[in-house]
Structures are given as structure tokens and as C-alpha cells.
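What follows draws every value from the coordinates through simple rules; no lab data is involved. Remember, it's a predicted structure, so these values are computed and weren't measured experimentally. For neighbour counting, all protein chains shown are included, and Cβ atoms are generated from backbone atoms with ideal geometry for every residue, glycine included.
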Amino acid sequence: MMHFLLLFSRQGKLRLQKWFLPLPERERKKIVKDMTTMVLARKPRTCNFLHWKDLKIVYKRYASLYFCCALENQDNELMALETLHRYVELLDKYFGNVCELDIIFNFEKAYFILDELLMGGEIQETSKLSIVKSIEASDMLQETMEEYMSKPAF
Amino acid sequence: MSDVVEKTLTALPGLFESQTGAAKITNRLRQLIKSITELTSKHEEENLIKRELSAIKEQVSSPNTTMKQMREIMVRAMYCEMLGYDASFTYIHAIKLAQQGGVLEKRVGYLAVSLFLNEGHELLLLLVNTVLKDLQSTNLIEVCMALTVVAQVFPKDMIPAVLPLVEDKLSHPKEIIRRKAVLALYKFYLIAPNQVQHIHAKFCKALSDKDPGVMASSLHIYLQLIRESPDSYKDLTGSFVTILKQVLGGKLPVDFNYHSVPAPWLQIQLLRILSLLGKEDQSTSELMYEVLDESLRRAEMNHNITYAILYECVKAVYTIHPKAELLEKAARCIGNFVLSPKINLKYLGLKALTYVVQHDAKLALQHQMTIIECLDHSDFTIKRETLELLFRITNAQNVTVIVEKMLDFLCYVPIKTLTFAPDNSWFIQTMNDVFSIGGDLLQQDVPNNFLRLLAEGKPEEDDQLRLYAVESYLTVLKGHTSHLPQCFLQVMSWVLGEYAHLQESVDRREVIRLLTQLLDQRSVSSETRVWILSALTKIPEGQTDLILDLAESLSSSQDTVLRQQAQELRHLSQDSQLREWVLVENSCAVDSSLSFLDGFVSEALAAGAAPYKPPHQRQEELSLNLEPYSFSLPVSLSSCSITDRQSPTLLSVSSGLSGNSAELSTLILEGVKRVWGKDGYLPQKEATAPPVDEPSAAVQPASQQEAAERIEPRPEPSTQNQDKQQLASSLFVGLGVGSSVSLLGKSEAPPPRFRKKPRPHESSSSSGTSKRSSDSSSHSSRNTTDSFLYGSFPEEEPATSISTFDHTPKSTTANGLSQNKDTKEDRHANTSQILGGDMVIVRPSTIQDKHPPSVSSDLTALLPADLKDLPHSDVISLTSDPSLSLSSCRLFRDEALLLVIFISNCTETVIKDVAVQLTCEELKVCTGNVMDCLEARSTSVCHYALLMDDPHTNVSLTGTVSYQTQPGHTNTLPFSGTLSTADFIRPLVVTTEEYGKLWLSLSHDVKQNLKLLTDAGDPLRTTLNALKDALQLHVVDIIGSEGIVACRLLSGAPCLLHCRVNGAALAMWLRSPHPALPDFILYHCQRALAHH
């Protein structure tokens, strides 16, 4: 089970955080700080895994953005790496050639997509097509509902 | 979902308008983000956010704010929170938004809630009604959102409120709802397993759901359930096997494929479940052999996700009841992982090995060279994983080497390992190292366990160990102590307090003096002071004066605990009777009759309590039927003793301590019958292996040599390889098969303490394949790094005498670096004042050429005869002024790049004191030379041999020439130039076979598609030839649409290129032992092809 997932930039700026287990605010901030310093200090051509306390950190850099998640000991690191990759693929499909700015400006959308992919720290849906479809559908439905509601009632 | 899409499509025209509206809404956020990026300091950001938050505060409390505006405000608030600022005043509004907003607002509201509110936040209670309402909504999306938020934030005590509704959703017609409901229930199960116990039957329904997504989600719950009690779910094994078979057979919709692998996440989940079910259960395991075999077979594609599946599969094979055929296949898979150049796979391979060596230590033997390499890996994670692996294969024979390795790393040294210690002095010495190096970073149980080990030993047996400890600590304390870590000081003071009396020869006053000395040190923490004082208390009386002094000085201490201890110490030292009473010599004396309880017992009896009866009496009285139990008792006892005898760990502990390992190995092999043991691997074939201390070198050299070559593909083992092999032999000694124990043909037991020799100066991993001559010359050129060599050539002796060079003995040999080495010594004295460059050869040859030698093409004619034939670049003009002109030319020699600088005198007068200074930071060259005079219209040639250690794309050279046209008037002329990596690359002549071997041994690789030159008939050959011309590569072979090419950097690092025609592109795959080299070569290949 994934414990948390963080997205941060090369400068260590947090872009997205998802916590699958309840943690006090102070603890979260400390973890974010630890993760950014640890992951950013990694040299190129090292492996994508780290040990941290009793968890395993799996991270991957996509352009200027680091995707970083924490796993339990019995979890499969390589699978987590592919889960991250699937998330990136989804973002890419949704935004079309996604870049860090897309995620900064539309971070709530990035959260919505993540909520379709993972739930309770486990993979929920792996089909790229159906996730994007359901996100787009709810986007559109919401927009049209809004239109509908805001129309003056005669 | 399709009806939803239809509905929305009809509303498309309106949709576009609304999206522009949405764009307007997010404008404020955009502004905020933009202004934040423009800020320069943290302070400015704080101010900006403070302003933003107060604006938000104003807006949220205004009654005129619409829900739509509120949504936008909430997004901004989320952003501020993400930056780490407190926006808690918006929390209640987030709940309101989820409650009252339309669907769009609701979504943002729920997101804000899940980000802001932790489980247990009191405001969450306000959300329950909203969630209940949404769970019952007819709008699918609202139901989805409610389920998501429930799984994200609902705490234990709020689950009952929503549980019935979530449960109902398990039979919802829409699969997306069913799926989310299953996962929400999984989350509930994790937080409060008792509350969902009654729905286990429904989980079973979810498992057989017609939608594979719902079924896959239910596996999360099942994995958890099975982990807790595998026995209750054995009957499901068949179903799981069938599902996995279907997945492997491609029965799932293509939608579930990930990079054309069918449902990998599902596969992995199933494999995990199967391994739990088959663990220690032969009949269940038999059900899954077939599907595991197929799984191993199917996962062939070269993609991370297939490796993830393979890894899980291998783990499953080794967890369930073993089947030889599967084990063999799995072992091969592990081999692929470990040998992979991809570092992630290597890591996973090490992990798999660590898991597997508990069952089969031979596997570690197969990969010993890789393990050794990983031990020195620059990646911390890999190193740590390797040590974990080594820890698992620790035995009495390799313990010294492994512990040494662990000390290097010092994350932790599990004391368990040290129970194998060969002798007392080694043990204590090692622990000293551990404590002084690891210090306070050690986990607390390391010193604790160590002290327990000392304390629990039998007095007669372990007194020697204690004595040794006391002795060694006294020596340590007599030295410099201020740098010692606190925990070491604590350990030492405890041991001295407890066992100093064992050592007759030690003066107690000396012990007290050493300990009190510690108290005076500033660096000693107050906790350690307490330890020291307790130790002083334990040292027997007789030195009252010293103790009293000490107590006196401490009685004014600021620390109350210390003051109290000092008081106690004073009282105890003054009152010997009290002391005897408090500190009993043998503290283990126990009053077994419990006489001190007599008063209490008689009181209780008087109050009517039943008198105590010993257990046997009670049992008789109970008169319950004990027959079955008593009858089985002797049986279990005897079986117990048998297993005890078989346990290798127990035996190795005892004999390990006695230090007689030959005895140990015979002892082990008697007991061993099984391959699988709970205590780890049980070595199998020791019976056939020769005893370790036999001179085995003569017996089995051939087979060992063979083994060495099989594992180590390089044809000529270099010294470094030998180092590694020696390390391997000492690490893997005592593991399994005797013949492969030692790769070097000498196996000794116990192994000698192995110290790694310092690495040779350069990476000799290439030496095996690079030509011998180049190797030796690069060695010799290294030796001369600091010397300044120049040679002059008899056949072209310049007519003008240049006095500076006159005193150098003329080398009679032709120019050659290695030959010049012989005369290096006598020159050294003259040249030591000149800053040493990497390799410098200056050849001052002024040519009596009366024609102005300004045309550059003529200049190459001035090259010394032996250099003329070398391939060279065009002569380029570096710089010039009215009196001097400088040109340069690059000559490609086999072992170095020769940079030739021509200095031409363009005037009709003699130029004096010409000094050339050349600097190149990247190549670490900084050198200069001087000649007294340069005749009119003549040219002098200097050449410098350059080597490149670390590749750079381009290196720049700068330099100056200073000269005097008139005495006392110095002119300076700066010049600069660049050299590219391409200049330092030479062809590497290898055969296809050697290439293949080398390819496998290299770890750093880069892949890239390059342009293919398609203008000729054979595009691959044309392209490779173009590369060969530009870069001096050696085309090893061209087979069909693939070509292999090899080259090396001058310093020795080889680089192998594998080219394949891939449509209109050339897929280039480069490998090298040097991490950066492939990148640079690739860069130059790209350039060469672009320029072509």
C-alpha cells in the first residue's frame, strides 16, 4: 500500500501531495522536507529506490518534476515505478503534452485524475482510456450542469 | 457512462462558453502563481500570501460571494496551504461548498476537504450528512465523489454512519461505483477490521464480479485477509489460479493491457496471494505450479513491468513448497536481474537474492563477482542491499571479512553476526571499532546486546572475554578520549565497573583515576557521567580518599542527579557495612524460599485465603484426564532433541567461538539432510568437498580456473580483478559447494584478514581488451606525470643552438614516451621548477628556412620525421602579431594526442626569450617552456602529448607567448584553441567474440536514435564509415542490419557501440565502464552525421 505520493520540482517546490494515511500536519511537513532533500541529492545514474525509516521510497524524474511515493516493505518497487508512469501518461493524455506548468495551474485537475487512478493507496483502475473518459465525462457534465442551472428559469 | 456523454454532447455549444467563463475564474489563481514566481525572497512571498489570505478571508465572509466564486477562492486557499501557509479559516467553507454547491463546486469542495482535514478533525462530523445525501444521489458522479472522500478521510468512529450505504453500492449496476465501493470497504477494513467482518460474503461476490476491475479491486481485501489467516482461504486457491490463467491467456479486454502486457497489476496481486497460500503447504502449492511456470515463461518482454511480474513470480516460487524445475527457472531469472546493466533491475536482483539465499546459498556463489562489484557501488541504496545480502550469508568462515565490509558502511552491525566471532580479541577489537566509528548513531540495542553478551556468559568460560575487554578499554582510556562517542564511554565504564576486579594486575587506583578523568571532560554528557559514577560505586572499597575527593567536587554540581549520586558514593565509601549490604558481591543470590513474604502470607491466610499448593499437587487434585498429553510428551521431547542436533546455527555458534572451523564443517555436514531449514541454508555437498585447510590449489586448479573465467568474462584478469576475486573467495567461503569456494585456487580456513589493496590509479577494467602496448604506455606516461620531458632528435638537430635546452642529455632514441622514461631521473633535477603538466614533450626545432613559412600547409613539413607519418589535422592559425605567428596542428598518436605548436618568427631579426605558457584546466595541464632565441624567418616546433582522463565535450586551451624583440621590452601574445573528445578517441581493435564478452561486462549504457545517411546503396555501411572517418572508430563487424563498433578513450576506457538500422533512423546503443563517455561519444556521432 502506498503511504503518500508527492510531486515536487527540481527546486524542491511542492506541486502536489497525497497522503493515504492520516498524519499530523507537522509530520507531513517534515516528510516533504526529508523527501525533497533526499531525492534531490541523488546523483544521476543511481537507482530509483531509497530506504527511508521502514518505508521504501520510489521516485522518478519527468522533465523538471519529481514524482515520489512511499511503499511498505513487501510492496514491489518496480510496479510502483510503473504506477507513477501510468499517472504521468494519464496527465499527458488529459492535458496533451503535459508540462510542469499544467500541473501548477491546474493542480486540482491533477488531484482528480489521481483520485481515479489510486484509492486508499492501492491501484484502482489501470485502463488509461476509462480513467480519462470518466474524468472528461465528469468535467463536461459538470460544465453543462452548471450551464443548465445558471440559465434563467422562465 | 455513455448516456452521460451523449447528454453532454448535445450541450456542446454552451460548453465552450462556460469554459471561457472557467478560464476567467482561474485568472486569480494564475495571477497569484505568476506573482509568486516573480518574487525573489521568502520574505516577499510571506507578505504576498498574507495579503492573499486576508483577501480570501474577506471574500469568504462576504454574503455576496457566489458558489462559483467560492470554488475559485477554495482553489487559491488550497494553493496557499500547499505552499505551507495556514488557511484553516477556509476549512468550514470547504465543507459548505461540498454541502451546498452544484456538482462542480462539490467536487472542489470535497477535494479541499480531503486535503485540509485529517482523519479525526472535528469539522469532519459536519460532512457526514452531505456524504450520506450524495451516496444516495442518482447522479453517478456525486456518488463517486462521496465514495472517494469516504475512503480518503473518514475516521474509525464515523464509519458505521456510512457503512450500510457503501455496502449497498456493492450491488450497484455501474461497475465504477462497485469498484469504488469495494476499495472504500478495503480502506474500512484496514482502519477497523471488526466493523466489516459481516460483509465477507459480499467480498466473495465482488471477487466473482463480471467486471474485471471490480474483481481486481477485491483482491486488495483478499490479500489482506489471506495475509492474516491463510488457512481460511485455501479453498479459493483454484479460483485465483484460474483468474491468473485467464489473464495470462489474454482473456481480459485490451483496455487492461499496460504496454501490451495484460493487466500487470492484477497479475502481481494474484502472484502475491498465491505465494501466501502456497507457503509451507505442498498440496496447495501443487495447484499453482503450472500457472507459475506459464507466468515465468510469458514474461519475456523487455519492459519494467514484466520485470516487476517476474520478480513477484520468483518470490512466489521460492516461497511455496519447492519444485526443482521451477526453482531452476527462477534462479535463471534472478541471474538476468543481477547481471542486468539497468541499475533498478540490479537492485531488484540483489533483493531477490537476499530473499533466496536463505533457501539456497549457492545462488549467491554464482553471482559473487557481481556482488563484489555492487559492494563498491557508488549508489548507497545498492550498497545497502548488498550488505543485507552479505548479512544473510554470514557464517563462521567469512565473518571477519563481512563484518569489515559492514564496518565500512556502518549502518548497523547486528550482534547476531558476531556470535560467529573466531576469537575473543577479534570480537572485542571489532566491537571497539564499531563503537568508536559508529558511535551514537548506532541503534541503542547494539551496546545493550553487547553488554548482555558479556554479562550473561558463564563466569569461567567468559571471564577471558571480559578480561580482554577490561584490558583493551584501559588502553583506550589511557589514550586520547575526547573524541570517543558517548555510548562507547558508557559501555567502557560499565565493563570497568563490573569486571575490573577480574584483572589482578590492574591497580584499582589507576582505574578510578581514568574514570574520574573522564568526568572532568566537557564533552562527556551528563548521562554518561551517571554511568561513570555507577561504575565508580561498584569498584570495591579501599580508595576512600580518591572517592571522597571526587564526591566533594561533584557535590556542588548543577546536575541534581549527579549530586545525588555523589552523595551516595560518599556515604557508601565511608560506611563499609552499608556498602556490603547494598552492593552484594554476588548479586544473583536469590532467596528461593521467599521468606520475606511470610508476613504477607500469614496475614492472607488469617483473612481466609486458600493455602498455596504447588502445581503438581493441584494437577492431581484436578484429576482431569491428562492421558493424551502425558503420553505425547516423551515423543515431542525426543523429536526436539533431534532437531536441536540438526540445527546448524547452534553448532556453528559453539564451534565458531572455539575457533576451529575445520571441525565445524565436519560437524555441519553430519547433521544436514534437508535443503530447506528455518535457520537458513544448510550446506549440502560438503561431504564431497575437500576439507578446507587441505592444499586444494593443486587438486583443482583447472576447474577453478574455469569457474573464474565463466564468471568473469574478461580474458586477462587484471590486478584489480584479482583483488576482487580474493575478496570474493574470502566472502563466499563456507558457502555450499567446495570446488567454487575459492576462485584463486587457495582456500584457507579461517580466511586471512583481507585488506583491499588500493586500486590501481586508473580503471584497469579496460586493460583486458585494449591493446597491451597502449596499456603499458599509458601506465608509463602516468609515471611521468610530474616530470617535464623533452627530447631532441639527432637527425634534425637544429642549427641554432638554444642554450636552455643544451644541458639536457640528448635522447638517442626516436621520440617515444616510454623510452624517454629511462632518462627521466637525470632530467628531473633541471625541470622540477617547471609546473608539471600531464604529459609534455617539447621539441624545439628551428628550421633554417628562409622563406616566410606563413602558409600553414607548409608547416607540416617541419614536423620531425617520425611524426610526419602520423594522421594529423589541418594546421590552424592560432594567433599572430607583426613579429610572431603561432599555428597548431593535432597529431593522433596511438597512446596520446600530440598538440604541435609552430612558432614562426616573421621578422628579419632574432627574437629572444621566447616563452610559451600553455594551460588547460580540464586536462589539468599547465606548462611552459622557454627558448633563448628564435632566428629570423625561422620556425620552432613545440609538441605536447595530451591525455584525457574524464571526457568533456570540448576542452579549451589557453596560453601566452612572451618574447623580447629588444632587450628589456617584453611582448605578450595570448592564444587559445579547443580540442574535442573526438581527438582523444582511438579505434579499439577487438574481435566480435571479445566484443561480445566486453559488452556484457559494461554497465553504463545510453541509447539514442541517430540520423541514417541514406544517400548511398548501403546506408548502414555508409553511416558507419562516415562515423569512422570523423571519430576514429573501429568497425568490428557488420551483420545484416546491425553493426558493432568499438573505440576507446586514450586513458583506456573503452566504449562499445551497437548500431541497428531502425526504419529511417540508426538506433545506437553505447556502453562503457565510464559513466559519461557514451554521452560524449554520442554527441560527437550526432555532430559528425549532421555535418556529413
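Here the spin labels are modelled as points 7 Å beyond Cα on the Cα-Cβ line, and at B:SER880 and B:HIS1092 they lie 3.6 nm apart.
For chain A, modelled as a GNM whose springs connect Cα atoms under 10 angstrom apart, the maximal fluctuation among A:ARG86, A:ARG61, A:ARG42 occurs at A:ARG42.
Region B:461-522 and region B:218-262 have Cα centres separated by 61 Å.
At a Förster distance of 41 Å, what's the computed FRET efficiency of B:SER436 paired with B:SER576, Cβ-Cβ distance as r, to 0.05? Plugging the Cβ-Cβ distance into 1/(1 + (r/R0)^6) gives 0.65.
Each Cα pair under 8 Å and six or more residues apart adds its sequence gap; the mean of these over the residue count of region A:1-129 is a relative contact order of 26 percent. Taking amide hydrogens as placed 1.01 Å from N in the peptide plane, the amide H of B:ASN257 sits under 5 Å from those of B:ALA263, each at least 5 positions away in sequence or on another chain.
Summing +1 for each Lys or Arg and -1 for each Asp or Glu among the other residues whose beta-carbon sits under 13 angstrom from that of B:TYR189 gives +1. When the convex hull of its Cα atoms is viewed from all sides, region B:298-351 shows a mean projected area of 3.5 nm².
Legend: residue pairs A:LYS30/B:LYS383; A:LYS29/B:LYS383; A:LYS29/B:LYS174; A:LYS133/B:LYS342; A:LYS33/B:LYS342, Cα-Cα distance threshold 32 Å; pairs beyond threshold, A:LYS29/B:LYS174; A:LYS133/B:LYS342. Scaling the Cα radius of gyration of region B:201-298 by the globular reference 2.2 N^0.38 Å produces a ratio of 1.03. Extents of region B:468-577, largest first, come to 32, 30, 17 Å (Cα atoms, principal axes, whole angstrom). One decimal place: the segment B:ASP1029-B:ASP211 gains 288.4 nm when fully extended, by the rule 0.36 nm per residue minus the C-alpha distance.
Taking other Cβ atoms within 10 Å as a rough exposure proxy, B:SER239, B:SER1001 sort from fewest to most as B:SER239, B:SER1001.
When each of A:SER127, B:SER41, B:SER1041 is scored by the number of other beta-carbon atoms lying within 10 Å, the sequence from fewest to most is B:SER41, B:SER1041, A:SER127. Look at the alpha carbon pairs under 8 Å that are at least 6 residues apart: their mean separation over the length of region B:862-986 gives a relative contact order of 23 percent.
Over all alpha-carbon pairs in chain A, figure out the percentage whose distance exceeds 22 Å. The answer is 44 percent, as a whole percent. Region B:1033-1092 and region A:62-108 have their alpha-carbon centroids 33 Å apart. For the pair A:ARG26 and B:ALA192, a Förster radius of 30 Å applied to the C-beta separation gives a FRET efficiency near 0.75, rounded to the nearest 0.05.
Hydrodynamic analysis of region B:313-391 uses the Kirkwood radius over alpha carbon pairs. Inserted into Stokes-Einstein at 4 °C and 1.567 mPa s, it gives a translational diffusion coefficient of 104 µm²/s.
The length gained by stretching the chain between B:THR909 and B:GLN224 to full extension, at 0.36 nm per residue less their Cα-Cα distance, is 237.1 nm. Shape summary: region B:881-939 maps onto an equivalent ellipsoid whose semi-axes, from the alpha-carbon gyration tensor, are 25, 14, 9 Å in decreasing order. As an equivalent ellipsoid, region B:119-247 spans semi-axes of 27, 17, 10 angstrom, where each value is the square root of five times an eigenvalue of the C-alpha gyration tensor, largest first.
If you model region B:115-166 as an ellipsoid using its alpha carbon gyration tensor, with each semi-axis the square root of five times an eigenvalue, the axes come out at 18, 12, 9 Å, biggest first.
Sorted fewest first by neighbouring Cβ atoms within 10 angstrom, B:PHE984, B:PHE391, A:PHE107 come out as B:PHE391, A:PHE107, B:PHE984. Seen through its C-alpha gyration tensor, with square-root eigenvalues sorted a ≥ b ≥ c, region B:931-1054 comes out prolate because a/c lies at 1.5 or above while a/b is bigger than b/c. Normalised by the number of residues in region B:253-359, the mean separation of alpha-carbon contacts (under 8 Å, six or more apart) gives a relative contact order of 25 percent.
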